[in-house]
Amino acid sequence: MSQKTYKVRNHKKIEHYYTLVDNVGEYLDLMASHDGRTMFVWKEKGEGHEITYGAFTEAVKRFSLGLNAAFAGEEKSRVRIAVIGETSPRWFASYLAVMAVVTYLIRMLPLTAFRKPIRSRFAQSFLTYIPFAVLGAMTFPDVLYSTGDLRTAAAGVVVAVFLSWRGKSLLTVAVAACLAVAAAQGILMLI
């Protein structure tokens with residue numbers, strides 16, 4: 001866990017503590033550590049209600065496991081979940097549950113599926129290149145449409161590929177690609 005806690009004083013000089021976490025799993029663990037303390041107090045149909053951190057954390061976990069089971073076998077990119085309603089602890093719980101399904105459970109799947117070290121050289125080399133392939137697939141389409149003109153974007157891509165192929169640093173490649181785009185836009189404005 002890489003939690004960082006900050007102390008902040010508001011305009012009334014009341015101190016508040018904020019803890020930053022890296023993912024939903026750490027957030028749920030942090031909430032569970034305050035087990036018996038009250039998290040939400042609300043009024044519904046004239047009646048007062050409250051829920052503790054521990055009970056809320058369990059509700060989020062149950063809901064996220066239910067969502068995961070409900071959409072088991074579905075392609076994750078095709079699943080759409082909408083939460084509509086007035087602000088309430090139930091809405092917040094459903095929000096966290098959806099985040100948990102999308103982030104935490106998907107990350108935990110490989111850890112539970114592959115308990116032994118992977119000995120296959122092919123599988124190891126395949127897994128080594130996945131981050132680069134995913135990063136390329138996510139950024140390359142945006143690179144082509146970032147300037148608003150495919151011709152200027154192509155000029156930047158050509159310069160970036162050439163300089164990176166020559167082994168130049170990331171900063172050099174980025175600055176040169178930006179200058180190539182600016183030059184291409186300047187030339188197109190003159191034409």
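The trypsin sites (Lys or Arg not before Pro) found in region 79-180 that occupy coil by DSSP, while having at most 16 further C-beta atoms within 10 Å, are Arg80, Arg115, Arg119, Arg166, Lys168.
Rounded, prolate or oblate for region 87-191? Axes are the square roots of the Cα gyration tensor eigenvalues, ordered a ≥ b ≥ c, and the cut-off for rounded is a/c under 1.5.
It comes out oblate by the Cα gyration axes.
For Phe40, nonlocal amide neighbours, meaning residues 5 or more places apart or on other chains whose placed amide H falls under 5 Å from its own, are Ile51.
Each value in this text was obtained by applying a stated rule to the coordinates, not by laboratory testing. Just so it is clear, the model here is predicted, and its values are computed rather than measured. Don't worry about glycine lacking a Cβ; one is built from the backbone with ideal geometry, like all the others, and counts go over all protein chains shown.
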